[in-house]
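Asker: Quick one: the structure is below, and I'll ask about it shortly.
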Amino acid sequence: MATPVIDSITANPATVVPGGAVVITMVGHDADSAPQTFVGTLTDAAGHQATASVVIPVNDPLTFGLTGPVGAVIVPRAGSPGVFDCRVA
Amino acid sequence: MTIQIFTGTLTDAAGHQASQDVAVNVDSLAPPSWGPKILEWIQPLPDSTGAIIMANPGDWQAKANALLPGQSLYLTAGEYGARGSTFSWTRAGIATAPITISGIPGDPKPIIRGKINLNGPYQRWSHSIFDGPTGPTGGPGPNGESILVNLQGNELELSDCEMRYDYWHAGIGANAAISKYRILNCYIHDNGGYLGDYTDAQSNTSHGLYLSPSYYGLIANCVIEHNDAKGLMGRHDSHNLMIVHNTIVANGRKGSEAYEQTHDWTWANNIFLNNGNVKGGEGLSMAGIGPGFLNRRNVFWHNNGPSLTDEWAGVGTTSEPLVADPKCVRPAVYTPHQDPAPDWDHHLMSTSPAIGYGDPDYAMPFDFDGKPRGTSPDCGAFQH
């Protein structure tokens, strides 16, 4: 298994007053992601056949984390993986 | 200024871990920004820092539609346009250099007449009075009356403006599936009702703001007062609207309503006062299908009638509402017709429970008057 990939990490806003609030958002993906394709067929009595496919992404479960300087407050946002509500020190 | 480093990590099930830093600038002189929850949906429009061009009532339309990115057109005090006319502002700015039409800062606001369309993108209109009725401009109202200010493009801002005395549907309308608009520090009052009569056929369909398909809008620091039906109405699939720090008062039917397929609206740090007292309706109605309606730290008082018990309703999440008299200096009350000379005052008295009750995550840095809100924001348009 390969190391996962962080696509981006951003702070919004980028400049704040001391103690100010900032939202830090991370986007990442699993380098081992291996989509699997399943093909369905539908055949009538004469042998006519229709097909359709669906792609199922197969990923490792990933966990986002964030650390900051002493005194900073970091709260992972419930239901939004990779999003952290923070206050700078 | 100092820099604080935050380090993000991403770990898979086998313990493999990637990490990456992000820097946050910490500056005690940094201009305060919009609350972080607001910034998730919409960002401020940059200033127009290019050349300033002066205009007068005879040449403003041609000059407005010849602006280059970053330029501003200043309107000297006076009357522009005419009832029965339509002006469509079709010139485009760019993301880093919006174009602006504005009255001269510090001077009396120019008075704009007729129907105005903002076609975008990247347009700002500031420091002006849009004075209804529109006159015959194609309807759909009788005599061709229509909405005063129509937001019809992406990336727009209306700020420090007054919209008043429209006869049909709304002072401000947003439609055409537009995205990213900001309505800031505006006084939106006495709109709706043909000939100013709030008992006519528009008594449930003419509003202060009427937001049809439109997405990622911010309505903040506005006084939305004494409009025919609803102060702020949204329908169809309007979504991701952020409604913060407004004083929504004395509107006939409801203070604000999200209806039909609307979803993902946040109302935070507002005051809902004296709405629906005559026609019956809540201060806040979350009547759309949702999901994602959030009623967060709003102050409610004396909404609905005659029982005055339904301050809010609907399918959303309600978080820490405050039902209490916000103690405005001279609060508006509903009357069944437009008020030609409103004299209300919605600043807060020193005993107001709205003082300091706002959630900083949804705060605007300044109030209606430009007063800093600091770290303890009040609810409503005015910081005490």
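One line per residue, one yes/no per condition, for (1) among the hydrophobic types (A, V, I, L, M, F, W, C); (2) within 11 Å of chain B (Cβ to nearest Cβ):
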site	(1), (2)
A:Thr10	no, yes
A:Ile24	yes, yes
A:Asp32	no, yes
A:Phe38	yes, no
A:His48	no, no
A:Thr51	no, no
A:Leu62	yes, yes
A:Leu66	yes, yes
A:Val70	yes, yes
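Asker: Anything in segment B:347-365 that is within 16 Å of B:Lys37 (Cα to Cα) and outside any loop (DSSP other than H, G, I, E, B)? List them, or say none. Let's see the steps before the verdict.
Answerer: The first filter runs over segment B:347-365 and keeps only residues within 16 Å of B:Lys37 (Cα to Cα), leaving B:358-365.
Passing the criteria: B:Pro360, B:Asp361, B:Tyr362.
Asker: B:Pro36 passes all but one of (1) within 14 Å of chain A (Cβ to nearest Cβ); (2) more than 30 Å from B:Gly132 (Cβ to Cβ); (3) surrounded by fewer than 19 Cβ atoms within 10 Å (Cβ to Cβ); which number fails?
Answerer: (3)
Asker: Please state which one of A:Phe84, A:Phe64, A:Phe38 is loosely packed, with under 12 Cβ neighbours inside 10 Å, touching a strand residue (DSSP E or B) at 6+ places or on another chain (Cβ under 7 Å), assigned to a strand (DSSP E or B) and modelled with pLDDT of 85 or more.
Answerer: Values: A:Phe84 fails: loosely packed, with under 12 Cβ neighbours inside 10 Å; A:Phe64 fails: loosely packed, with under 12 Cβ neighbours inside 10 Å.
Answer to the check: A:Phe38.
Asker: Go through segment B:18-33 and report how many residues are outside any loop (DSSP other than H, G, I, E, B) and either among the hydrophobic types (A, V, I, L, M, F, W, C) or within 7 Å of another protein chain (Cβ to nearest Cβ) (or both). If you could, list the steps in order and put the result at the bottom.
Answerer: First pass over segment B:18-33, keeping only residues outside any loop (DSSP other than H, G, I, E, B): B:18-26.
Imposing the further condition that a residue be either among the hydrophobic types (A, V, I, L, M, F, W, C) or within 7 Å of another protein chain (Cβ to nearest Cβ) (or both) reduces the set to B:18, B:20, B:22-26.
Total satisfying the criteria: 7.
Asker: Given the residues A:Pro4, A:Pro13, A:Pro18, which is the only one that is touching a residue at least 40 places away in the same chain (Cβ under 8 Å) and in contact with a Leu (Cβ under 8 Å, 6 or more places away or on another chain)? Quick ask: steps written out before the conclusion?
Answerer: On the way: A:Pro13 fails: touching a residue at least 40 places away in the same chain (Cβ under 8 Å); A:Pro18 fails: in contact with a Leu (Cβ under 8 Å, 6 or more places away or on another chain).
The match here is A:Pro4.
Asker: If we scan segment B:220-236, do we find a residue that is under 13 Å from the mean Cα position of the chain (by Cα) and among the basic types (Lys, Arg)?
Answerer: Step one: of segment B:220-236, the residues under 13 Å from the mean Cα position of the chain (by Cα) are B:220-225, B:231-234.
Going one step further and asking which of them are among the basic types (Lys, Arg), we end up with none.
Checked against the condition, which is being under 13 Å from the mean Cα position of the chain (by Cα) and among the basic types (Lys, Arg), segment B:220-236 yields no hits at all.
Asker: Note down all Cβ pairs under 9 Å where the first residue falls in segment B:311-322 and is more than 13 Å from B:Gly358 (Cβ to Cβ), the second is basic (Lys, Arg) and assigned to a strand (DSSP E or B), and they're at least six residues apart or on different chains.
Answerer: Short answer, once both residue conditions are applied: B:Thr317/B:Arg296; B:Thr318/B:Arg296.
Asker: While we're looking at this one, here's another question. Looking only at segment B:207-221, how many residues end up being at pLDDT 95 or above and of a type in the set (S, T, N, Q)?
Answerer: Result for segment B:207-221: 1.
The values are calculated or read from the model by the stated rules, or taken from the named source; none is laboratory data. It should be emphasised that the depicted structure is a prediction, and the values quoted were computed from it without experimental measurement. Ideal geometry is used to build each Cβ from the backbone, glycine not excepted, and the neighbour counts take in all protein chains shown.
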